[in-house]
Amino acid sequence: MAARGHVQDPNDRRLRPIYDYLDNGNNKMAIQQADKLLKKHKDLHCAKVLKAIGLQRTGKQDEAFSLAQEVATLEPTDDNSLQALTILYREMHRPELVTKLYEAAVKKVPLSEEYHSHLFMAYARVGEYKKMQQAGMALYKIVPKNPYYFWSVMSLVMQAISAQDEKLAQTMFLPLAERMVEKMVKEEKIEAEAEVQLYFMILERLGKCVEALDMVRGPLGEKLTSELRSRENKCMMMYQRLQLWPECNALSYKLLLKNPDDWQFYLSYFDSLFHLMDKSWSQPEEGEHCVEGPVQTTVAEAVKFVVDRMEEQDLKESRPLRGPYLACLELIHRLRQRGCPDEKDLGDPLELMVQFFGKFGDKPCCITDLNIYLHLLPPEQRSQFKNRLGELVPLGEAGEDGFGFPGDTKALQRHLCVCQLSRALGLQHALDTEGKLRLITELKAHYHHGLQFGKSCLKTELQFSDMYCLMAAHVYIDLWTETGDENMLWQCLGVLEEGLSFSPSNAQFKLLLLLLFCRLGAFQPVVDLYSSLDAKHVQHDTIGYLLTRYAGSLGQFAAASQSCNFSLRFFHSNQKDTSEYIIQAYKYGAFEKIPEFIAFRTRLNQSLHFAQVRTERMLLDLYTEADVTSSLEESVKAMGVCPEEDDIPWDNMRDNRDLTVLVSWDPKDRELTEEHRRLSLEEESVWLKVRSLTLRLLASLALLGHAPSPRNSDKTNENGISAKSSTLQTLLSQLDQTLETAAQITEKQTQYPFLGPPSSRLASALSSGSCHCQVSALQLSLTLRELETTGLDDSSELQTQICNTFKSLVVQLQEMLSRCKGEVLEMKDSRLKTQPSLLETLVFFVETVCVVLWVASYSANVLRPLKSSLQKKKKKKKDINTAMPVVLCGFQEWTGSLQGIVTQALDHVKGQEASLTALKLAALTLEEGHSQTQEECGFTRAAMDKVQSSYLGSLQELGDLLRKRADSLIRLKI
Amino acid sequence: MTTLRAFTCDDLFKFNNINLDPLTETYGIPFYLQYLAHWPEYFIVAEAPGGELMGYIMGKAEGSVAREEWHGHVTALSVAPEFRRLGLAAKLMEMLEEISERKGGFFVDLFVRVSNQVAVNMYKQLGYSVYRTVIEYYSASNGEPDEDAYDMRKALSRDAERKSIIPIPHPVRPEDIE
């Protein structure tokens, strides 16, 4: 931030040091300097604001705000104060105050272009479209510059876009915007390309496609020059909307002649062709076909067109383009869909694909290209196809192992492509276990052989043969999931770790390793893998789920917290960041980007992942901190959780996860489908609902504990209290409902592709019993609330009910704990066996213990005054024979049992730690020779060590948390 | 076989296969929005028929016309590993050059790591030459030394005498470039 303007102004000279201190982050000195200056010059308002900025940046928000308001109420009109206040308000996230500031300023200096334009931008920042429209016109009246006029027009368009009522948009805002532009057109005042763009946008939104078309083709359209093919693209868009198929066809044809590789125009060419055929459109007898030139209306013409394009490529000396060859396959696909027999004129798909492979088999994208058209092959041709391709791969003579190897990288790529295609055709999946093992051996041999071509590769480059390694890993995973043989998984980890050692930048190796470690319940190695991916910013939203899905559920609370923070930091900056560029888009006249930026901001705000990390982060804080370092109530207040408030956009949740980030060559029937995506989002949303309701219930419980006893309170207070318990009641019944939905969802037992989305924690949460136990515990707090009102006399039924819940909670916790029993890692018959689900269940158990203990602590708070008033009464009556009320005895018994359970759990954790530490993995003999080389065994061992140490880490964190929790049991005495 | 179109915000959610490359930087949202707001025509993405993003180019126009320094600049150019060796980068560069021609630029320039031989050679093939070396232009993380950049240029038709690309013999520091 630098002071601008007149160098001569003595105030600028005086303020300069403060600006410098602030710029250098020396806020303390800035404040001191401002104070010094203010002593001499009381009326130097800007110094006050700069001091406020310093205060704001040192965390003294309240002081900063009141200082700023002192100046703001004076309605300053000096540049320095206004700019400084703008900066301050922005840092305070109060952009609406900037509008007030400049509203006052333009009133005092009504002819200032600068202040009016600041006012417009201030409105833009907060999205006050109507006021923007007026501010734009006010500006234009002072200084008749076109941009100001069109700012106003654009603000009308924004009113249309944001209008709830589409009719209002169509009958009022957009027509008004149109008239405003038309006026300028008539007066021949249109100057810039941006203005034409905006005119087009308005006409398009009004559905006035004919007018839009005329405009683009007319003299105004000549201004559309920045973007390549801008006019053609716009015409094409309008032809399609108007269903002007002759024009659409002719234009596509023309553009394809110019660039026979541009895929979008093949699609529009075919689309329009078939529309024309369906309508039996015929050429007019005289004159031109249409404004865009010749139209093609028969399959024969289309076939000839595509064949000509292919021949053109065949004859070319430079590198051939893939477009025409794939267009040929696309046309066959479409003709087949229509049941049109003419497809044979194009040739046999098998032959065409073989030819394609002959031309492009050495390109890494050959698999991606052909994959789309594999369905054109009948199943019985699949093996034949693979064999035909094999003939086109030059391999050296087979060695002892029966494998022949490629002599260069092009041959390697061809061979690899055949492997990828045979996987995509389902041929690999059809192999039996023996066959798959042999395939793995072959893939690994090719992988190792191919490393020689990449000896000079830099660390940042991939090895040519990397994908063999990845495919070997995929086949290992097939074997693991089919047979349950965990050795396959260990070997898979070994081969990937080896791959990473030769190709340290391979993101696919890292992603798959990360996924496998997570599935194994070992989160520790994942942290480094993820950080080496260098995922940043928007990637936290798209692939952050890989991290956050597992960190907390595996008991790595510190790492979980950190992962959530990465993502949260990104989301929180979004609001501020995007507003800035919406304003820039006005300045540069990139009008079409404005709605796009707003939609983008909304998409991030409504992100599933955002809501998840927000919720999980707070739950994590409660589980690890509340009642350990501060009370539950203090924690809840510090987080600002309000039980009544639900800030998650349930109906508009956006799933921004990149679920295909892991490369897969699986056949179509095993690929991720739209249905999978829908189910995964549904499952994650329900789980999120469970978590967010739990969070709000805990907040509600915390605030319940704070309420004074109802008997000593007046009416209003009582209302307050009953409101609180009714919130709890409402939330509980919502949670009940959600759990019912959850049960229905888990019944479906949806299986996702291995490389697709991970399942949510929903199923394991339900089977662990944690959700229901937590509900009972929270329900108990309501019953206790009732007892608090009723008192100990005349409440024997209630007391019995409470005692029964005490007992039932103990039973439920015992059951949960028993589900955690077993060895998370053990050696059996010289094989390593894991049970990561035990870890997940243990985490649920610990979380539930936390919840029960918070309820216990609330119970103690309710019972303590009841007991003491009872003792007072007893003293008065000198009646020592009355028995202790049931609920008090029950509570004591309960806390004893809880103590017992926590101790048991701690013993269990200690036992697990001990047996894990005692496990000597080095003693494990890995079968060398047959399937794994010595090096691979080394990598497998390293992976095993990582898993073992990660389990230990999880257990330690869980043990630590339980121990801290155990301490809070002491405070439960009544 | 490629669809070339304007890059939009939604593409940011789909570009992982391109950006998980170690030499492709994922910038903060403001950076992308700034380019989209100011030079939308210079931000082009290539899309495969299956919908996968293949690669993108991001650029801008800057410099003083009076000093004959008005030019197109390549800020980022990246192609996903599986779509390499198709000439896609060359195609995207060609488009950026055409846009710069239309804007009346004198030349197009770009910065590249001196170690990135693959890229340097590609640019040379496309007609670019090293104009100067910029010392420690790329700041490195994890303790490795900062890396130098080549500032490479190609003259456009407006600079008929190709004055803009006459190499500067001495390396410059990052703070000395505009």
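Derivation of every value follows stated rules applied to the coordinates shown; laboratory data play no part. Since the model is a prediction, treat every value here as computed from it, not as a measurement. Positions of Cβ are generated from backbone atoms using ideal geometry, with glycine treated the same way; all protein chains shown enter the neighbour counts.
Quick notes
- Derived scalar couplings ³J(HN,Hα) [the stretch A:847-862; Karplus, 6.51 cos²θ - 1.76 cosθ + 1.60; whole Hz; x for Gly, Pro]: 4, 5, 4, 4, 4, 4, 5, 5, 5, 4, 5, 5, 4, 4, 5, 6
- Rounded D (µm²/s) - the protein assembly as shown, Kirkwood Rh over Cα pairs, Stokes-Einstein at 37 °C, 0.692 mPa s: 95 µm²/s
- Here the Karplus curve 6.51 cos²θ - 1.76 cosθ + 1.60, taken at θ = phi - 60°, turns the phi angles of the stretch A:251-265 into couplings of 5, 4, 4, 4, 5, 6, 4, 6, 9, x, 10, 7, 4, 4, 7 Hz, with x standing for Gly and Pro.
- Close amide H partners of B:M54, meaning residues 5 or more places away or on another chain with modelled amide H under 5 Å apart, are B:A46, B:E47, B:A48.
- Between A:I142 and A:D9, residue separation times 0.36 nm minus the direct Cα-Cα distance comes to 45.2 nm.
- Net charge dipole size for chain A [Lys, Arg +1 and Asp, Glu -1 on Cβ; Debye, nearest 20]: 4320 debye
- Computed [θ] at 222 nm, helices only, for chain A once each DSSP H run of length n ≥ 4 contributes -39500 (n - 2.57): -23000 deg cm²/dmol
- FRET efficiency for A:A723 and A:V126, using Cβ-Cβ distance with R0 set to 45 Å, rounded to 0.05: 0.85
- Sparse-neighbourhood loop sites, GluC sites (Glu not before Pro) in the stretch A:367-405 - DSSP loop, at most 10 other Cβ within 10 angstrom: A:E397, A:E400
- Taking B:V114, B:V130, B:V45 as the candidate residues, the one with maximal mean-square fluctuation in a Gaussian network model of chain B, Cα springs under 10 Å, is B:V114.
- The stretch A:768-807 versus the stretch B:1-54: alpha-carbon centroid distance in Å: 57 Å
- Remark: the stretch A:237-248, residue by residue, has Karplus-estimated 3J(HN,Hα) of 4, 6, 4, 5, 5, 8, 6, 8, 5, x, 5, 4 Hz, where x stands for each Gly or Pro and the curve is 6.51 cos²θ - 1.76 cosθ + 1.60 at θ = phi - 60°.
- Distant-in-sequence amide H partners of A:R654 (H built 1.01 Å from N, under 5 Å): A:S607, A:L608
- Of A:T673, A:S768, B:I29, farthest towards positive along the dipole that unit charges on Lys, Arg, Asp, Glu beta carbons give the protein assembly as shown: A:S768
- Solution diffusion estimate, µm²/s, Stokes-Einstein, the stretch B:1-131, Kirkwood Rh from C-alpha pairs, 10 °C, viscosity 1.306 mPa s: 104 µm²/s
- Which of A:V636, A:V475 has the fewest Cβ neighbours within 10 Å, and the rest in rising order: A:V475, A:V636
- Think of the protein assembly as shown as a dipole: +1 on every Lys or Arg Cβ, -1 on every Asp or Glu Cβ, centred on the Cα centre; then among B:V134, A:T841, B:L156, A:T841 lies furthest on the positive end.
- Where both bridge residues fall in chain A, DSSP classifies roughly 60% of the beta bridges as antiparallel.
- For the stretch A:531-606, the set of trypsin sites (Lys or Arg not before Pro) satisfying both a DSSP loop assignment and a count of at most 14 other C-beta atoms within 10 Å is given as A:K536.
- For the stretch A:186-293, the set of GluC sites (Glu not before Pro) satisfying both a DSSP loop assignment and a count of at most 10 other C-beta atoms within 10 Å is given as A:E187, A:E188, A:E285, A:E286.
- Legend: ranking of residues A:T741, A:T298 from fewest to most surrounding C-beta atoms inside 10 Å; resulting order A:T298, A:T741.
- Charge dipole of the stretch B:48-146 (Cα centre as origin; +1 on each Lys and Arg Cβ, -1 on each Asp and Glu Cβ, all else neutral): 180 debye, rounded to the nearest 20.
- Tensor-based shape of the stretch B:112-178 (alpha-carbon gyration tensor, a/c under 1.5 rounded, otherwise prolate or oblate): oblate
- Dipole orientation for the stretch A:277-320: of the candidates A:V307, A:P284, A:P294, A:V307 has the Cα lying most toward the positive pole (charges on Cβ; Lys, Arg +1; Asp, Glu -1).
- Difference of contour (0.36 nm per residue) and Cα-Cα distance, A:R864 to A:Q737: 42.4 nm
- Here the dipole of the stretch A:136-219 is about 220 debye; that uses its Cα centre as origin and unit charges on the Cβ of Lys and Arg (positive) and Asp and Glu (negative).
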